[in-house]
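Chemist: The structure that follows is given in the form of structure tokens.
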Amino acid sequence: MDDLSNASVVATSGMQAQSKRLRVVAENLANAQSVAITPGGDPYRRKEIVFQDVLDRATGVKKVVANDTVEDMSDFAREFRPGTPGADAKGYVLTPNVVPLVEVQDMREAQQTYQANLQVIATSHDMISKTLDLLK
Amino acid sequence: MSIAINAALSAYRTAAQSGGSRSSSSTFLDATGAASTGLSSTPASSFMDLVKQGLSSAVNTGKSAESMEVKGLAGQADMRDVVLAVANAEQALSTVVNVRDKVMSAYQEIMKMPI
């Protein structure tokens, strides 16, 4: 495999990692209102993704992998909602530690990194086909 | 793909060498299987090897792309891996076709040459 093909392989791993990241963002956003259902129980806890570089032995290049998600251990918020089943004796319920603004920013970053990796693939394919065009 | 390009380069080199020693036409006739004089078997086999090697590597890439497609349709493979495999197969095939076209046009140019 030559280096231009390897560039595509690396960029593909980057795209895969960013897809996973977007999935985690979607989980966080979808569960932004998932409160506790029993008094004293925990609501949805925000998840975070961790990227890591890993050596691909077949090509000798460093790919990126998205490891398992970790949980954000920051404090939950409290809301006065006496009617919900998860409310405590004073009528407060724990709400998730998801900040939609942070999630949206994460989403934009995932989108832009994905597009950058896509551009790497497009450029490397363009360079290969331009080189082949020399034969014509 | 780099295998195909390296083989193409060596084929061009042998073609250039045989062009200098007046045996280029027999070389390419050997390659196409139309006639065999047995004067220069090495360049001929190298062109045959080039086409064979290139085609078989392209076919292998195509096969792996096909199996990726099947996996992708079954939901087992990542969509990006499928796209990359198909793009690689297309590139491998176009490399072989381009090299073959170029060598064949060089052969035809030589055949058109008035003696």
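The values are calculated or read from the model by the stated rules, or taken from the named source; none is laboratory data. Note that this is a predicted model, so its numbers are computed, not measured. So basically every Cβ, Gly included, is an ideal-geometry build from the backbone, and we count neighbours across all protein chains shown.
Chemist: Checking A:Ala26 against (1) touching a Phe, Trp or Tyr at 6+ places or on another chain (Cβ under 6 Å); (2) at pLDDT 95 or above, only one condition comes out false. Which one?
Modeler: Of (1) touching a Phe, Trp or Tyr at 6+ places or on another chain (Cβ under 6 Å); (2) at pLDDT 95 or above, only one is false for A:Ala26: (1).
Chemist: Oh, and also: Among the candidates A:Val64, A:Val93, A:Val104, single out the residue that is more than 30 Å from B:Leu84 (Cβ to Cβ) and not in a loop (DSSP other than H, G, I, E, B).
Modeler: A:Val93
Chemist: Just wondering, is there one or more residues in segment A:38-54 that are closer than 30 Å to B:Ala85 by Cβ and crowded, with 17+ Cβ neighbours inside 10 Å?
Modeler: Yes, segment A:38-54 has at least one match.
Chemist: Step by step: first the residues of segment A:10-37, then only those that are within 24 Å of A:Lys63 (Cβ to Cβ) and aliphatic (A, V, I, L, M), then the one that is farthest from the other protein chains (Cβ to nearest Cβ). Which residue is that?
Modeler: If we take residues in segment A:10-37 being within 24 Å of A:Lys63 (Cβ to Cβ) and aliphatic (A, V, I, L, M), then A:Val25 is farthest from the other protein chains (Cβ to nearest Cβ).
Chemist: Here is a list: A:Val70, A:Val120, A:Val93, A:Val104. Which entry is within 14 Å of chain B (Cβ to nearest Cβ) and of a type in the set (Val, Ile, Thr)?
Modeler: None of the other options fit; the residue is A:Val120.
Chemist: Please enumerate the residues belonging to segment B:103-115 that are at the interface with chain A (Cβ under 10 Å from one of its Cβ atoms) and touching a residue at least 40 places away in the same chain (Cβ under 8 Å).
Modeler: Correct list: B:Val103 only.
Chemist: Which numbered condition in (1) within 14 Å of chain B (Cβ to nearest Cβ); (2) assigned to a loop (DSSP other than H, G, I, E, B); (3) touching a Ser or Thr at 6+ places or on another chain (Cβ under 8 Å) is the only one that A:Ala7 fails?
Modeler: The failed condition is (2).
Chemist: Looking at this structure, is A:Thr84 of a type in the set (Ser, Thr, Tyr) and either touching a Ser or Thr at 6+ places or on another chain (Cβ under 6 Å) or assigned to a helix (DSSP H, G or I) (or both)?
Modeler: Answer is no for this residue.
Chemist: Follow-up. When you go through A:Val70, A:Val98, A:Val65 one by one, which is the residue that is more than 12 Å from the chain's Cα centre (by Cα) and among the β-branched types (Val, Ile, Thr)?
Modeler: Just one listed residue meets the conditions, A:Val98.
Chemist: Filter segment B:52-93 down to the residues that are surrounded by fewer than 16 Cβ atoms within 10 Å (Cβ to Cβ) and under 10 Å from the mean Cα position of the chain (by Cα), then identify the one that is farthest from the other protein chains (Cβ to nearest Cβ).
Modeler: Top of the filtered list is B:Lys52.
Chemist: Need pairs with beta-carbon distance below 6 Å; first residue within 9 Å of another protein chain (Cβ to nearest Cβ) and within segment A:123-136, second basic (Lys, Arg); sequence gap 6+ or separate chains.
Modeler: Every condition considered, the pairs that remain are A:Leu135/B:Lys102.
Chemist: Further, regarding this structure: Restricting to segment A:47-71, name every residue that is of a type in the set (Asp, Glu) and touching a helix residue (DSSP H, G or I) at 6+ places or on another chain (Cβ under 9 Å).
Modeler: Passing the criteria: A:Glu48, A:Asp56.
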